[in-house]
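The values are calculated or read from the model by the stated rules, or taken from the named source; none is laboratory data. Predicted model, so just to flag it, every value in this text is computed and none were measured. Neighbour counts run over all protein chains shown; Cβ positions are idealised from the backbone, glycine included. Accessible surface is based on the protein model in full, side chains and every heavy atom, while ligands, DNA and RNA are left aside. Shrake-Rupley method; radii C 1.70, N 1.55, O 1.52, S 1.80 Å.
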Amino acid sequence: MFSSIYNTVYLLSFIKLGCSMIKYIPQAWLNYERKSTTGWSIHNIMLDFTGGTLSFAQLILDAIRSGNVTEALGNPVKFGMGLASIGFDLVFLTQHFVLYTDRYDPQDIEAQVRCQSAPSTYGSTDSSDVSTF
């Protein structure tokens, strides 16, 4: 009986791994299509990256403690979750800080209205703007 419960939980862990890997794809694609990362928090990605890194560190420390290098791969779901997390987080960090640094949201109508209604000082002929020597 314990064996069947263990196998069921093990199967569910692989399903969780699959769902976790799939959940990142739509956001990465949306960022790519819009050429923007506006509308979501980079802080959650940084926390996720930290969690993946610490998960890998735990696997490595467990392998060192036991003296068996294969111990690091003994939990394939944990290894896969850390790998997927770090991999997609690196994609998101690259998109946010390297590729799409312009934080302008083309769908933000309110920001467009504010920019259009703001007075422009460019090309002003007001004498107070011109310094004389």
Which of the residues spanning region 38-61 are touching a residue at least 24 places away in the same chain (Cβ under 8 Å), β-branched (Val, Ile, Thr) and within 12 Å of PHE79 (Cα to Cα)? THR53
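For region 9-120, give me every one of the helices (runs of 4 or more DSSP H) that falls completely inside it and has 1 or more residues that are at pLDDT 90 or above and open to solvent by less than 50 Å² (accessible area, probe 1.4 Å). Don't jump to the end; show me each part of the working.
Working: elements: 42-66, 76-94, 109-117.
The qualifying helices (runs of 4 or more DSSP H) are 42-66, 76-94.
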Counting only residues that are under 16 Å from GLY52 (Cα atoms) and either in contact with a Pro (Cβ under 8 Å, 6 or more places away or on another chain) or hydroxyl-bearing (Ser, Thr, Tyr) (or both), how many does region 18-32 have? 2
